[in-house]
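Visitor: To start, I am sharing the structure in question, which I have written as structure tokens.
Read the figures in this text as sums done on the coordinates, not as results from a lab. Every value quoted in this text rests on a predicted model; they were computed, and no experiment measured them. When we count neighbours, we look across all protein chains shown, and the Cβ atoms used for this are built from the backbone with ideal geometry, even at glycine.
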Amino acid sequence: MVKTHRHISLSACPLCGQAAAVVASLLDRWRKALITVACAHCGLFRNDPLPTSEELRRFHEIDYRESYKGVRAPKARNVLRSARLAKHRFEQIGHRLPAGAQILDVGSGSGEWLAVLQKAGHQVCGVEPDPFYGEFARREYGVQVETAGILDLRRPEQSLDVITLFHVLEHLPDPLAALQRFRGWLRPGGLLIIEVPNTNCRHQHPAGRFHPAHVIGFTKESLDYAGRAAGWERIELSLGSYERNLLAVFRRPREDEALAPPSLPAALPAPLLTTPAAVFGYYFRPSTYLRWAARMVQFASEWLALRGTNRSIPSPGA
Ligand SMILES: [Zn+2]
């Protein structure tokens with residue numbers, strides 16, 4: 001159990017079903033009102049109240065890209081960043097993918113990850129709610145992308161080898177149901193690869209972790225628990241640079257494999273709350289300034305790569 005000081009009674013946690021929670025923050029990253037609580041039982045963060053499916057559909061289909069980046073089509077800088085990230089991800093997890101795998105990427109964005117996978121010989125399909133991004137991916141990279149809301153997505157049972165979800169699960173108000181649904185679509189032994197922001201990240205401004213579209217926030221423990229509670233075997237769980245993201249690889253067990261029922265660790269780390277002490281700690285940690293420097297280097301490198309081009313769409317394999 002998480003040691004908490006301020007318990008409040010709310011709707012139940014969508015992961016463990018318990019109601020006891022502690023207020024993590026009252027503001028989002030733009031200092032607008034947003035209540036985020038951390039479950040006292042499993043450590044999962046959630047916005048309170050959680051949006052209904054209908055509110056979520058509307059938000060994802062129309063407002064998401066605009067409120068995020070102020071654009072309706074990907075900018076060259078975003079495409080460059082996404083292409084570099086796709087290459088990096090492939091170096092990290094490409095060895096886990098079986099040759100010629102059938103892969104579904106949920107929330108495929110502008111399609112650079114699909115392009116890298118297709119180039120490596122995999123059979124890929126993406127699903128993207130934003131029609132402009134889906135069209136961009138089809139046109140630029142010749143990859144198959146379906147325009148659909150993630151909550152409405154359907155696939156035949158046992159029809160895929162791998163599902164990838166990068167920064168998608170934190171947008172879904174019932175992550176357990178989603179993880180169970182994805183499990184059915186994979187053949188036994190198939191892989192689910194997930195990346196989400198780490199809500200207990202100490203190298204990010206405490207208030208910067210909360211966003212109205214990120215309705216769920218994961219810690220290492222709650223992501224692991226969610227995967228195992230949905231019937232997956234966890235084969236990898238790691239923190240990215242500056243502990244900003246969590247990367248998990250889960251495997252669908254074969255029919256004859258019996259997994260032990262999941263249990264939470266006896267002592268969960270306390271949820272990081274947005275308190276003056278946490279903000280003070282953030283500004284007095286060397287990693288804060290190292291990360292800022294790393295971001296400056298990244299911006300400079302992107303500026304150099306795009307200099308002199310007004311429409312540079314870099315090749316994801318380049
Ligand atoms: Zn919980």
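Visitor: Most mobile of L290, L15, L165 per a Gaussian network model of the chain (Cα springs, under 10 Å)?
Guide: Sorting by GNM fluctuation, first place goes to L290.
Visitor: Taking the Cα centre of each part, how many Å lie between segment 164-199 and segment 95-117?
Guide: One Cα centre to the other: 14 Å.
Visitor: Please check: in the Gaussian network model of the chain (C-alpha springs, under 10 Å), which one of T164, T274, T52 has the largest mean-square fluctuation.
Guide: Residue with maximal mean-square fluctuation among T164, T274, T52: T52.
Visitor: Per residue of segment 261-277, in order, report the coupling 6.51 cos²θ - 1.76 cosθ + 1.60 (Karplus, θ = phi - 60°) as ³J(HN,Hα) in whole Hz, putting x for Gly and Pro.
Guide: Each residue of segment 261-277 in turn: x, x, 9, 7, x, 4, 10, 8, x, 4, x, 6, 9, 7, 10, x, 5 Hz.
Visitor: With an 8 Å Cα cut-off and a minimum separation of 6 or more residues, compute the relative contact order for segment 166-315 in percent. Walk me through the intermediate numbers first.
Guide: Details: 195 pairs, mean separation 38.9, N = 150.
Relative contact order for segment 166-315 comes out at 26 percent.
Visitor: Karplus couplings for segment 165-174 from phi (6.51 cos²θ - 1.76 cosθ + 1.60, θ = phi - 60°), rounded to Hz, Gly and Pro as x?
Guide: In residue order, the calculated couplings are 9, 9, 6, 10, 4, 6, 8, 9, x, 10 Hz.
Visitor: Please work out whether segment 74-306 counts as rounded, prolate or oblate from its C-alpha gyration tensor, where a ≥ b ≥ c are the square roots of the eigenvalues and a/c under 1.5 means rounded, while otherwise a/b larger than b/c means prolate and anything else oblate? Working shown, then result.
Guide: On the way: a/c = 1.85, a/b = 1.13, b/c = 1.64.
It is oblate, given that a/c is not under 1.5 and a/b is not larger than b/c.
Visitor: Within segment 74-306, what percent of beta bridges assigned by DSSP are antiparallel, to the nearest 5? Before the final figure, lay out the partial values.
Guide: Values: 13 of 32 bridges.
Here the share of antiparallel DSSP bridges comes out near 40 percent.
Visitor: Can you give the longest stretch of the chain with no exposed loop site, where a site means trypsin sites (Lys or Arg not before Pro) in a DSSP loop (not H, G, I, E or B) with at most 15 other C-beta atoms within 10 Å?
Guide: So the longest stretch without any such site is 76-153.
Visitor: Show me, for segment 187-195, the HN-Hα J-couplings you get by feeding each phi into the Karplus relation (A = 6.51, B = -1.76, C = 1.60, θ = phi - 60°), rounded to Hz, glycine and proline as x.
Guide: 6, x, x, x, 10, 10, 10, 10, 10
Visitor: Taking Cβ-Cβ under 4.7 Å as the only way to count a partner, pick out the unpartnered cysteines of the chain.
Guide: C125, C201
Visitor: Not counting the cut sites, what is the longest span of the chain without chymotrypsin sites (Phe, Trp or Tyr not before Pro) that DSSP labels loop and that have at most 16 other Cβ atoms within 10 Å?
Guide: By the stated rule (loop sites, at most 16 other Cβ atoms within 10 Å), 31-283.
Visitor: Give me, ordered by chain and number, the residues 5 or more places off G126 or on other chains with an amide H under 5 Å from its own placed amide H.
Guide: Those qualifying (amide H under 5 Å, at least 5 residues apart or on another chain) are D105, Q144, V145, E146.
Visitor: Among H171, H211, H95, which one moves the most in a GNM of the chain with springs linking Cα atoms closer than 10 Å?
Guide: Taking springs between Cα atoms under 10 Å, the residue moving most is H95.
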